[in-house]
Amino acid sequence: MDQSGQLTEENGPEGRPNHMNKCAACYRQFNKVEHLVEHMRISYHSVHEPTCGICRKHCRSFESLREHLIGPLPKQECGNIFSMRGCRFCLAILDSPYALRLHQERCQLSGLNAGVLGRMANLGIRDNLTMDYSAGRNRSAPGYETTGIRPEYLRDAMPVRQVQKKIQDFLCNGEPMWKIRPRSGGKARILVGHGLDHDLDRLQVEYPSAMIRDTAKYPPLMKTSKLSNPLKYLTQAYLGYDIQSGIQDPYEDCVATMRLYMRMRSQNHRVEEYPLAADPQNRNNFASWRQSELERMTPEQMLDISRSDYYCWCLDSN
Ligand SMILES: [Zn+2]
Ligand SMILES: [Zn+2]
Ligand SMILES: [Zn+2]
Ligand SMILES: [Zn+2]
């Protein structure tokens with residue numbers, strides 16, 4: 001047993017079978033039910049976590065799911081099945097090796113289909129900084145993203161203030177900034193990018209964080225250490241191709257980021273009316289239940305009232 005009260009043997013100290021105190025999401029086992037309750041309070045398990053297609057274990061990130069399936073120390077039975085019919089890009093399990101071949105071709109190619117990118121434009125500004133933006137004008141993909149530096153655009157650059165206004169106008173799309181609310185169905189655009197804090201900071205453009213989708217900060221795409229993954233790595237691991245192998249091309253980065261966003265957005269997760277722990281209806285779900293009531297719940301019931309502490313991008317599609 002470790003300090004957190006984890007126990008790996010079959011039975012707990014009171015002879016109570018441990019599966020009673022086994023987290024229904026990550027399968028950690030606790031020798032006391034109050035430890036499981038405590039674990040659930042701080043874990044924010046949800047239907048939006050990357051989940052093993054075989055044993056249904058929830059992981060905090062795709063990287064930890066990848067470790068669970070591929071190694072270096074994979075869970076044996078999941079790893080065996082995955083090696084026969086698991087997609088190495090999206091980590092889904094297919095019905096047969098044949099289905100896998102068809103799927104994996106599409107899965108990788110879907111990254112290569114730039115159909116969502118309706119328009120490209122370059123804006124140069126006088127501040128030794130350039131912004132490339134690509135905008136998905138597709139109805140289902142109101143997207144936009146920034147990246148990179150291209151000195152050759154700086155020669156006839158536009159003044160910073162003008163660029164800021166252009167960007168802000170484009171993002172807000174006619175909606176006053178103060179009125180922009182997440183999931184309100186307004187006209188404001190979603191801003192997609194990789195490491196956007198830096199870009200926005202340099203440009204001194206402000207935009208509500210609820211409208212920003214940053215592939216460097218989306219928990220399922222982060223390292224198990226909770227640090228960001230480089231865009232080059234994400235593109236290689238999830239889309240199966242190389243970027244930034246020679247000179248860094250902002251357009252290439254834009255496209256890769258948008259493809260990652262579309263991939264994450266198309267995740268098929270169970271629809272819930274109030275999906276976030278921060279939704280007022282769920283606020284302190286675990287705090288509002290009395291400890292004794294929580295301790296009487298089954299692990300599945302506890303998982304049922306648990307909600308995500310991050311905004312899953314699948315929520316953009318419904
Ligand atoms: Zn858990
Ligand atoms: Zn989701
Ligand atoms: Zn598994
Ligand atoms: Zn796949």
>> So for the stretch 246-317, averaging the separation of alpha carbon pairs under 8 Å that are six or more residues apart and normalising by length, what relative contact order in percent results?
In response: 44
> Quick one: length gained pulling MET20 to LEU102 fully straight, 0.36 nm per residue minus the C-alpha distance?
Replying inline: 25.4 nm
>> Place a point 7 Å from Cα of MET177 in the direction of its Cβ. Which residues in the stretch 202-240 have their backbone N less than 12 Å from it?
In response: 204-209
> Between ASP169 and THR224, what FRET efficiency comes out of the Förster formula 1/(1 + (r/R0)^6) with R0 = 45 Å and r the beta carbon distance, rounded to 0.05?
Replying inline: 0.70
>> How much length would be gained if the chain were fully extended between ALA210 and GLU77, taking 0.36 nm per residue of separation minus their Cα-Cα distance, in nm to one decimal?
In response: 43.9 nm
>> Over the Cα atoms of the stretch 49-110, each weighted equally, I'd like the Debye log10 I(q)/I(0) at q = 0.17 Å⁻¹, rounded to two decimals.
In response: -0.51
>> Going by Cα centres, the stretch 266-318 and the stretch 190-246 are how many Å apart?
In response: 26
> Using 7 Å Cα-to-Cβ label points, what is the GLU273/GLU293 separation (nm, one decimal)?
Replying inline: 1.7
> Of LEU73, LEU234, how do they rank once you tally other Cβ atoms within 10 Å and put the fewest first?
Replying inline: LEU73, LEU234
> With charges set only on the Cβ (+1 for Lys and Arg, -1 for Asp and Glu), what does the dipole of the stretch 49-110 come to about its Cα centre, in debye to the nearest 20?
Replying inline: 20
> Using a basic spin-label model with each label point 7 Å from the Cα along Cα→Cβ, how many nm lie between LYS232 and TYR310?
Replying inline: 2.3
> If we sort 268-278, 253-263 on the protection proxy, mean other Cβ atoms within 10 Å, highest first, what's the order?
Replying inline: 253-263, 268-278
> Between THR224, GLY246, SER209, whose Cα lies farthest towards the positive end of the dipole of the stretch 208-258 when Lys and Arg beta carbons carry +1 and Asp and Glu beta carbons carry -1, centred on the Cα centre?
Replying inline: THR224
>> Could you tell me the relative contact order of the stretch 153-280? Use alpha-carbon pairs under 8 Å, at least six residues apart, and round to a whole percent.
In response: 18
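Laboratory data are not the source of any read-out in this text; all were calculated from the coordinates shown. Owing to the predicted nature of the structure, the values given are computational and were not obtained by experimental measurement. As a convention, Cβ positions derive from the backbone with ideal geometry for all residues, glycine included, and neighbour counts pool all protein chains shown.
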